[in-house]
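S.K.: This is the structure I want to talk about, given as structure tokens.
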Amino acid sequence: MAEEEFLNLDDEELDEDELVDVPSQVEEKLDTEQNNKLIYIIIILLLTLILLLGGVVFYLYMKKKSEIKHEVNATQIVEKVKEKEKPKQKANSKIQEWLKEAETLYKKGEKEKALLLYQKIAKYNQALSWFNIGVARLKDQNYTAAIEAFDEASFDDQLKCESALNAAVCAYNLKDKALFERYLALAKEYLVFEKSAPLYSYYNTLLNYYQNAYPEAIVSIIHPTSDYYRRKEFFIGSKIYTSFESLQNAINMLEHADDAKNFFTLGLLYANTGEYQIASDYLQKAIDIKDHYNEARIALSLAQNKLGNLSTAARLLEETQQDDANATEIYPIKVALKESLFDPVIAQEEFQKSVFIDKFYKFSLLFYYAPFKLSFYENGMTQITKGAKNVDIDKTKSAMEYLSNGKNIAHINFEIARAVEFSLSHNLYETHGIFKDALKRYPWDAVLHYNLGLTYAQMFNFKEAYKEFAKAQTLDSTLFEAAVFKSFCAHLINKDPTIENLDRIYALLNVDKDEAYKKRISALINISKDTMTMSYGYLPADIHPFDTAIDMVFAYNRSEAGAYKESTEALKKLLPKDLVANILYIDAHNDKRDIKKYARDIQQKLIDSNLDFRPLYFGETLPRELYVRMLNIAGVVPVLVNKLEKETAKYGDYIAFKLTKAYAYIYSRNFEKAYRLYNELIDNCKQSDTHTLFLAAVAAIGSHHPANAIALLELAKLEDTSNLESRYALGLLYQEAKNFDGAAIQYNKIGDIGFRSSYFTFFINPSK
């Protein structure tokens, strides 16, 4: 089936009444235009009684048949497939053939042979009369009496197979399994009498299908003995192929049938294969002719959901519920996590794209390497930058010296220096706390707000980061990084980033700003505007990691593979033990086509190495998530989980450590453990940012706590109404709970934008 299952045909039985419409339902009408009167004299006594009985039956049958109302579909395809396939003259032609043969024999003087042939005709007509009586009784649903008539008809070899088949249909409707199987066996035995008949393959198909001999049934469908009943054969073939999960073959069968009645089924089959647009087209056709009307609308809603057209999906749910109070019982869904989250091949294919194209990780990468600032930063920037560089090459003792020796250091700068010292050790939460406390005393300081905003951004709390960058920009309009970073956050929380007139900064850059700074700010503005042009060329890659990260983003998005590799090399040279720098270097220097070698490289260079793993225990979110995702490519997340569990006694009180362990639990499929740990972080550690709430909901869905997942996502939505993943998951969970109104509200907030979730999917829940 596709990534996720949609629907199947296994519970849809073939209409058994169709089986009675076999070619032996014929009018018993003899040719009356024979030239030889002596023939009529010989056979008249034998046929008179039978013809009278046949005439009465024929009259009653034709009268009943004329009362049947036939459905007329207003589609072109129905006009194209007229009822031209039934060999209605089979009985007539057979009798005429026998009569001609008898006449020839009589003319030759072989009167005894002619008489025997006339007796055969009489016997056949008698059997045919009983067969027609059986057909009439079957249509009246008088199945027991119909079986008796078919038993009488089966005394003639020419009608044995058809009679047994129709008797099996009656037994099926009587729910008499033993009788059903008995008549199927008889039909199989009598099939030899139809060896030369045009409908031999059709009978063979039916028998093999109902006796579960599916391969044999397919053979007779593929090699027909005539073109009669081909649509019915194709339908049976599609059911067989569906049971084999050979969906494309099932589709081919139905498309060859060229029948409007198959639009709905074709829609379901195409949905199963993941061809949701083609599925939608067929389902819409089924809706247009009101075939399986409500089922088709719910199925179309699900297909549109898969295509990311969520307003359309919502409309179909609401309209169907208005027409049918039981609409929520049609194709109930089960929400699940996408298997692609845990697939190493897909993980490695998506890694680069998510880091450099997905705005969430692209901006987070820049936030991670962005430097903190000192107050009066025009004088202090050189010192803080150098301090950051030195600490990353393990010269931590000089970091505080660089920070404290800057000119015009006021008391604020001592607080900043103390906070940055913790940040250089990747102790982000201590850094964050110092900035928050300092702002209680110095709420007017723009740089403190900027630095606090940067810590929020490094925690993936972009809503609070946006607020702090906005305050910093208001307090100091020349703090250009604050304006650009505010724009980054606006992208991430679905605010309009164009409210910032970033173009005006270009003019201000010419006032007392050095060339390197101009390059940096203009490059950041272009990234925010998604304009991959370098107004002043690439930044110097050997001075500051932040500039190197900017170069890397541009190089990847401009498909400059050589420049991208060089950027990762420069970053690793500047920060040889930095976890993110090494992850990006490994990814850039591996042939993605050799997944095994790629996995070996990850294991050798990222596990038990001398890299700086402090972010996993105390620090930023980006290294934690990239590291776990990289281990997922190698399939070794459980190795990290085991290591963290052994270290819980030592580091278990640190928030970052708990977050790392919970995230690793998700990727090792330990959903229940992840769910409990996230709950502890939310309840006891007050980690109620939207990202943590969202991941807790992911764990809740994985551990089958849908009600708790809804509560967590509702909280996440309160924190950040713009999180589309949260809204989508909420919509799915409400639909699973059969709350179509709640689901429609969430879907409509997303709209028909082609949204594709990275985390969530759904499948039809057969148990409901």
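The values are calculated or read from the model by the stated rules, or taken from the named source; none is laboratory data. What you see is a predicted model, and the numbers here were worked out from it, not measured in a lab. Cβ placement follows ideal geometry from the backbone for every residue including glycine, while neighbour counts extend to all protein chains displayed. With ligands, DNA and RNA removed, areas are computed over all heavy atoms of the protein, side chains included. Shrake-Rupley method; radii C 1.70, N 1.55, O 1.52, S 1.80 Å.
S.K.: Using modelled amide H (1.01 Å from N, peptide plane; none on Pro or chain starts), what sits under 5 Å from the amide H of residue 760, excluding residues fewer than 5 places away?
M.R.: So residue 760 has HN proximity to 338.
S.K.: Find the relative contact order for the stretch 548-610 and round it to a whole percent, using C-alpha pairs within less than 8 Å whose residues are 6+ positions apart.
M.R.: Value for the stretch 548-610: 23 percent.
S.K.: Report the FRET efficiency, 1/(1 + (r/R0)^6), for residue 288 and residue 516, where r is their Cβ-Cβ distance and R0 is 51 Å, rounded to 0.05.
M.R.: About 0.20, to the nearest 0.05.
S.K.: Hey, how many Å between the Cα centroid of the stretch 285-355 and the Cα centroid of the stretch 431-490?
M.R.: Each part reduced to its Cα centre gives a spacing of 41 Å.
S.K.: Per-residue counts of other Cβ atoms within 10 Å, averaged by peptide: what ranking do you get for 429-440, 318-329, highest first?
M.R.: Result, highest mean first: 429-440, 318-329.
S.K.: Ordered by residue, what ³J(HN,Hα) values in Hz, to whole numbers, does the stretch 737-744 give under the Karplus form 6.51 cos²θ - 1.76 cosθ + 1.60, where θ = phi - 60° and Gly and Pro are x?
M.R.: 7, 6, 9, 5, 5, x, 5, 4
S.K.: Between residue 529 and residue 557, with labels modelled 7 Å along Cα→Cβ, what's the label distance in nm to one decimal, could you check?
M.R.: 1.2
S.K.: Can you give the accessible area of residue 192 in Å² (nearest 10), computed on protein heavy atoms with a 1.4 Å probe?
M.R.: Rounded to the nearest 10, the figure is 100 Å².
S.K.: Further question on the same structure: Determine the equivalent ellipsoid of the stretch 433-525 by diagonalising the alpha-carbon gyration tensor, then write out the semi-axes as square roots of 5 times the eigenvalues, largest first, rounded to whole Å.
M.R.: Its equivalent ellipsoid spans semi-axes of 22, 16, 11 Å.
S.K.: Considering only protein heavy atoms and a 1.4 Å probe, what is the carbon-and-sulfur percentage of the accessible area of the stretch 559-600?
M.R.: Details: 1020 of 2020 Å².
For the stretch 559-600, the apolar C and S fraction of the accessible surface comes to 50 percent.
S.K.: Report the residues of the stretch 453-467 in range of a label on residue 753: point 7 Å along Cα→C-beta, backbone N strictly under 18 Å from it.
M.R.: Once the point is set 7 Å along Cα→Cβ of residue 753, 462-463 turn out to lie under 18 Å by backbone N, inside the stretch 453-467.
S.K.: In whole angstrom, and with the biggest value first, how far do the Cα coordinates of the stretch 205-270 range along each principal axis?
M.R.: Per principal axis, max minus min of the Cα coordinates gives 28, 25, 16 Å.
S.K.: A further question on this structure: Which whole-Hz couplings ³J(HN,Hα) result when phi for each residue of the stretch 325-337 is put into the Karplus expression 6.51 cos²θ - 1.76 cosθ + 1.60, θ = phi - 60°, listed in order with x for Gly and Pro?
M.R.: 5, 9, 4, 5, 8, 8, 6, x, 10, 10, 7, 8, 7
S.K.: Quick check: pseudo-label points 7 Å beyond the Cα along Cα→Cβ at residue 148 and residue 211, how many nm apart are they?
M.R.: Those two pseudo-labels are separated by 2.9 nm.
S.K.: When the accessible area of the stretch 200-276 is computed with all protein chains present and a 1.4 Å probe, what percentage of it is carbon and sulfur?
M.R.: Of the solvent-accessible surface of the stretch 200-276, carbon and sulfur hold 49 percent.
S.K.: Follow-up question, since we're still on this one. Per residue, how much accessible area does the stretch 261-369 show when a 1.4 Å probe rolls over the protein heavy atoms, in square angstrom?
M.R.: Counting only protein heavy atoms, the per-residue value for the stretch 261-369 is 36 Å².
S.K.: Separate question: Taking amide H positions as placed in the peptide plane 1.01 Å from N, state which residues far from residue 333 in sequence (5 or more) or on other chains have amide H under 5 Å from it.
M.R.: Distant-sequence amide H within range of residue 333: 765.
S.K.: Return the long-range amide H neighbours of residue 275 (sequence gap of 5 or more, or a different chain), with a cut-off of under 5 Å between placed amide H atoms.
M.R.: Under 5 Å from the amide H of residue 275 lies no amide H from a residue far enough along the sequence or on another chain.
S.K.: A further question follows. What's the extension gain from residue 507 to residue 273 if we count 0.36 nm per residue and subtract their Cα-Cα distance?
M.R.: 78.7 nm
S.K.: Quick one: what are the phi-derived ³J(HN,Hα) couplings along the stretch 237-253, Karplus 6.51/-1.76/1.60 with θ = phi - 60°, whole Hz, x for glycine and proline?
M.R.: The phi angles translate into x, 5, 5, 5, 4, 5, 5, 8, 6, 9, 5, 5, 5, 4, 4, 4, 4 Hz.
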